[in-house]
1. Sort out for me the helices (runs of 4 or more DSSP H) sitting completely within region B:46-117 that have 1 or more residues that are crowded, with 21+ Cβ neighbours inside 10 Å, in contact with a helix residue (DSSP H, G or I) (Cβ under 9 Å, 6 or more places away or on another chain) and touching a residue at least 12 places away in the same chain (Cβ under 8 Å).
2. Residues being in a loop (DSSP other than H, G, I, E, B), in contact with an Asp or Glu (Cβ under 9 Å, 6 or more places away or on another chain) and surrounded by fewer than 22 Cβ atoms within 10 Å (Cβ to Cβ): count how many of those fall in region B:149-165.
3. Among (1) within 11 Å of chain B (Cβ to nearest Cβ); (2) touching a strand residue (DSSP E or B) at 6+ places or on another chain (Cβ under 7 Å); (3) closer than 25 Å to A:G220 by Cβ, which single condition is A:A40 missing?
4. Which residue out of A:G202, A:G163, A:G220 is within 11 Å of chain B (Cβ to nearest Cβ) and open to solvent by 10 Å² or more (accessible area, probe 1.4 Å)?
5. Looking only at region A:229-246, count how many residues are in a helix (DSSP H, G or I), without any contact (Cβ under 8 Å) to a residue 40 or more places away in the chain and open to solvent by 100 Å² or more (accessible area, probe 1.4 Å).
6. Give the residues of region B:223-237 that are assigned to a helix (DSSP H, G or I) and under 23 Å from B:R64 (Cβ atoms), sorted by residue number.
7. Would you mind telling me which numbered condition in (1) buried (at least 21 other Cβ atoms within 10 Å of the Cβ); (2) away from chain A (no Cβ under 14 Å); (3) among the charged types (D, E, K, R) B:E131 fails?
Amino acid sequence: MNTINMELFYNKLNDLLDTVYEKEKENIVKAAQVIAETIAKGGIIHTFGTGHSNGFGLEMTGRPGSLACIHTLDTSDFVLKGLVTLEDFKNPNDIFERRPGIAEKLYDLYAIDKKDLFIIISNSGINGLVIDMAILAREKNQKVIVITSWQHTTAEDSRHPSGKKLYELADIVIDNCGPQGDALLETDGKEKICSVSSITGGFIAQALTTEVCNILNQKGIELPVYKYEDSKEAIEFNSKLREKYKNRI
Amino acid sequence: MKGLSFKREVDDMAESKQYLDVLKYYMKRAFMTQKENIINAAKIMGDCMVSGGIIQLVGVNHGREFAMELGYRAGGLMPFHQFNIRDLALRGHISEEILKNPQIINDEIMAKRWLDIYNICENDMFLIVSEGGFEPILVEIALTAKRDNRKIIVVVSKNKVNNSEAKHSSGTKLIDYADVVIDLGTEEKDILIDINGTMINQASTIVGNVIAQMLTAEIYRYLKENNHDCPILLSANIKGADIHNRKLSDKYIGRWNS
């Protein structure tokens with residue numbers, strides 16, 4: 001077993017990023033095509049993942065150099081909007097996200113248009129809520145891109161009553177190439193350490209952005225990307241961009 | 001024919017490959033230049049864990065990603081707690097409107113309210129992440145923590161810090177309170193790829209996540225070298241994970257958000 005230190009992680013991560021790129025570049029391009037079409041039609045990209053997977057949306061928007069037309073679904077919005085108390089939301093005896101109908105209620109919290117698209121992120125792809133959301137999106141004829149760990153999702157049974165896993169409901173699947181359990185380094189115990197899915201997921205988010213912008217640019221469509229606010233023009237541009245997607249992001 | 005559809009050849013993915021190369025460049029820079037800082041920080045964090053303390057992870061906006069990277073996940077270590085400004089609204093202290101007002105990060109008084117909603121204990125320390133290191137709410141937290149004699153690790157982009165004015169009323173920045181500064185190494189303006197004159201893509205948050213994991217590896221190494229247990233959280237799919245993780249988290253009941 002190799003000595004655990006930062007060098008080991010750094011080297012293995014570099015290899016893993018190369019793997020992600022080589023293995024998934026085709027799928028990234030396919031996903032970018034669909035995303036670009038959605039954006040060109042005035043659609044929004046909705047990201048959704050439970051737990052740490054919800055960081056994907058944060059990586060993809062909200063700062064200079066990012067696409068503006070990205071919105072993230074978040075179950076804690078039920079609390080923020082006063083529909084559920086925090087206590088009820090965190091009730092350990094009645095897990096919120098396992099209650100029936102949550103996906104539909106979450107979907108209805110937002111102004112989601114039928115021309116919008118979903119990116120759903122889940123390493124395991126077996127959790128009921130993400131699968132329910134994918135099913136719902138498909139029922140409304142919305143495209144679903146799934147980011148998942150192929151190693152993880154093929155190793156476990158689905159927890160959804162249908163028996164289906166998230167990737168089976170996708171128009172396009174992108175493998176974040178993470179190991180089952182997400183941790184990269186083996187220790188001398190049964191635990192593994194150093195999570196990678198946010199890093200490889202982050203790379204995928206960035207690569208999608210690059211490809212989408214390339215495609216939109218080739219079509220002569222102005223990029224809905226926030227500018228660095230170092231001039232009056234840039235501040236105005238960003239303001240107009242936020243106005244364009246107001247109430248939807 | 002190109003231009004008549006949205007189809008794109010995979011081999012044309014030149015810009016994505018360029019992004020990967022740029023990302024790896026910044027990852028390498030962090031690895032090569034921050035080794036000593038990461039190891040020093042890991043030692044301080046390991047000592048904190050051994051003494052029963054928790055590392056309080058603080059960030060706003062994209063600084064949140066670093067906190068999320070370390071906070072309660074499979075393959076991660078237990079004694080971390082994430083500060084999340086959203087908690088102020090979720091717990092009913094401020095309205096959604098105030099939460100979503102970008103000015104909140106300039107509010108020094110809000111820092112005290114934010115500190116007050118969490119149960120911070122004597123042996124706890126702080127790890128504060130911010131590209132520019134100048135947000136008044138974060139500087140106020142660092143100032144308060146330093147007044148309480150706590151250890152503080154700060155993760156910033158030095159290029160950005162050096163090109164930014166202090167905004168806190170004291171004229172100070174996060175780095176002024178740090179026991180260790182870890183440099184993300186990214187540029188003052190973290191936007192990297194040029195698509196026909198429009199700049200897109202960033203590296204600072206992914207590099208931050210990589211640093212977070214390198215810290216994890218070094219904390220593990222430090223604890224093991226000193227014959228301590230390392231409190232690693234197991235993935236749910238491993239047999240006995242629930243019990244193992246519960247045993248680790250019970251030690252800190254009331255001090256962290258699940």
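1. Filter on region B:46-117 gives B:64-70, B:108-116.
2. Here the count works out to 4.
3. In the conditions (1) within 11 Å of chain B (Cβ to nearest Cβ); (2) touching a strand residue (DSSP E or B) at 6+ places or on another chain (Cβ under 7 Å); (3) closer than 25 Å to A:G220 by Cβ, A:A40 misses (2) alone.
4. A:G220
5. The number of residues fulfilling the criteria is 4.
6. Scanning region B:223-237 gives no hits.
7. Going through the list (1) buried (at least 21 other Cβ atoms within 10 Å of the Cβ); (2) away from chain A (no Cβ under 14 Å); (3) among the charged types (D, E, K, R), B:E131 breaks only (2).
For (1) under 13 Å from B:G75 (Cα atoms); (2) touching a residue at least 60 places away in the same chain (Cβ under 8 Å); (3) open to solvent by 30 Å² or more (accessible area, probe 1.4 Å); (4) among the basic types (K, R), each residue gets a yes or a no:
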{"site": "B:I211", "(1), (2), (3), (4)": "no, yes, no, no"}
{"site": "B:E218", "(1), (2), (3), (4)": "no, yes, no, no"}
{"site": "B:N227", "(1), (2), (3), (4)": "no, no, yes, no"}
{"site": "B:C230", "(1), (2), (3), (4)": "yes, yes, no, no"}
{"site": "B:S235", "(1), (2), (3), (4)": "yes, yes, no, no"}
{"site": "B:D242", "(1), (2), (3), (4)": "no, no, yes, no"}
{"site": "B:Y252", "(1), (2), (3), (4)": "no, yes, no, no"}
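The values are calculated or read from the model by the stated rules, or taken from the named source; none is laboratory data. Bear in mind the structure is a predicted one, so any value in this text is a computation, not a measurement. Quick reminder, even Gly has a Cβ in these numbers, built from the backbone with ideal geometry, and neighbours come from all protein chains shown. Only protein heavy atoms, including side chains, enter the accessible area calculation; ligands, DNA and RNA are left aside. Shrake-Rupley method; radii C 1.70, N 1.55, O 1.52, S 1.80 Å.
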